[in-house]
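Beneath this line is the structure, given in structure tokens, with notes to follow.
The values are calculated or read from the model by the stated rules, or taken from the named source; none is laboratory data. Since we're looking at a predicted model, the values are computed, not measured. Positions of Cβ are backbone-derived with ideal geometry, glycine not excepted, and every protein chain shown enters the neighbour counts.
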Amino acid sequence: MACVVELREGMLGGARAAVLYCLRSGAGALRSWLLLSALIGAQALVVVYVGLHLRQWVMVLVVRGAARDLALARGYLQDPEQQRGETENPRSPDTWNSIRWMCVNSALGLLCAVIAIILGIGVLVSFTCLFWWWALPAEMAVSPGGYPVNSWGVALTTPLVGLVYLVLTWYFVPRTASVHAHLAGRTLRRSGVDRLRDRLAEANILRQEALEAHGMELRRIERDLHDGTQNRLVAVRMHLGLIERVTATDPDRARELMTRAKEASEEALRELRAVVRSIYPPILADQGLAAAVSSLASRSGVPCEVAVGKLSRLPAAVESAAYFVVTESLTNVAKHSGATLARVHLAEEAGTLTVTVTDDGGGGADEHLGSGLSGIRHRVAAFDGRTRISSPPGGPTVIEVRLPCAF
């Protein structure tokens with residue numbers, strides 16, 4: 001019984017998704033007509049100077065419209081290329097393929113919408129006319145099955161016609177939608193050269209982001225050494241200079257200054273060790289990411305729970321990046337969120353490490369306000385990873401990072 005229910009829900013869900021896709025394709029076809037008309041008009045005005053700018057503007061709209069249709073088709077087909085990452089913008093098709101698609105879609109999209117609308121209206125009218133056919137004037141008798149409904153005997157047969165329409169909808173509409181979606185994919189798919197060019201451009205962007213992340217890390221280390229360790233060492237030097245002056249005349253004062261110098265040197269060593277650990281914690285090298293994150297959570301300013309799924313030893317660079325993500329995230333939680341509890345989840349699956357940090361704070365985190373979130377995104381992007389940040393007002397804030405374990 002459960003299998004029958006699941007099969008029925010799957011069939012109805014597929015037909016419903018196909019009908020929605022066909023209706024959206026019809027809207028896309030109307031957009032194609034408008035854009036093609038605008039493009040023809042702009043081309044005719046090229047002899048006038050304003051026509052050049054108008055054509056460029058229309059071409060931008062054509063490419064955007066084609067990209068929207070391609071995203072719709074991939075979403076309907078559940079194309080894995082559409083699911084590459086929530087932070088990645090979909091690649092726009094090239095100009096000529098976009099124009100070709102507009103020409104095809106102006107007819108095919110309308111046909112999809114007409115089929116879905118006719119069959120949908122047939123289903124609706126056939127199943128409902130039993131309740132309202134009698135209210136219509138005789139000259140306006142409805143005829144869902146090709147014959148007028150002018151008596152109760154005929155009206156009682158309309159649900160059977162509705163079943164026929166329903167079967168036709170279930171059979172034809174998904175196939176129509178599939179043909180449209182596959183044709184959109186073939187027409188708008190970028191060539192191998194274009195995809196290679198995109199990949200090279202993406203590699204250059206990742207390289208730049210890696211350099212920026214490296215520069216930010218160097219500036220952070222320099223700032224920590226300058227503001228902490230250097231000041232302590234300057235204090236030690238000053239105390240040693242004073243000790244040299246007063247040793248012969250005031251031994252008690254010299255001993256007091258020596259004690260202060262010793263304390264300052266110990267503080268400088270502690271801060272230096274902290275800086276070294278922030279670069280690559282020894283526990284990360286010795287015991288792995290899970291132990292390092294657990295140690296980090298135990299020192300967090302906000303109570304933090306750590307859950308670890310299947311996790312093996314990973315490349316040192318990946319573990320260091322993941323540790324940085326958790327460090328920055330927990331620092332943000334302690335400083336900005338007002339949270340009472342944070343959770344960290346680590347898991348490795350199919351060659352990808354997933355790090356998720358959640359807190360129950362007030363939300364509203366914005367990576368453009370210097371909260372460290374942009375640093376997380378840049379660090380992760382350097383590994384061709386993906387970052388998803390969700391922080392609606394009122395919370396919760398969720399930072400999910402996916403890092404490939406092999407690159």
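In the range 338-358, is there at least one residue being charged (D, E, K, R) and over 21 Å from LEU296 (Cβ atoms)? Yes: one or more hits. Residues considered: ALA290, ALA350. Of these, the only one that is farther than 28 Å from ARG219 by Cβ and within 24 Å of the chain's Cα centre (by Cα) is ALA350.
Counting only helices (runs of 4 or more DSSP H) that sit completely within the range 270-361, those holding 3 or more residues that are at pLDDT 85 or above and buried (at least 17 other Cβ atoms within 10 Å of the Cβ) correspond to 289-298, 316-332. Listed by first and then second residue, the pairs linking a residue in the range 52-81 that is at pLDDT 85 or above and aliphatic (A, V, I, L, M) to a residue that is surrounded by fewer than 15 Cβ atoms within 10 Å (Cβ to Cβ) and not in a helix (DSSP H, G or I), with Cβ atoms under 6 Å apart and 6 or more places separating them unless they lie on different chains, are ALA71/PRO90.
When the residues of the range 362-407 are filtered to those that are out of contact with any helix residue (DSSP H, G or I) (no Cβ under 8 Å at 6 or more places or on another chain) and among the hydrophobic types (A, V, I, L, M, F, W, C), which remaining residue is surrounded by the fewest Cβ atoms within 10 Å (Cβ to Cβ)? This residue is ALA406.
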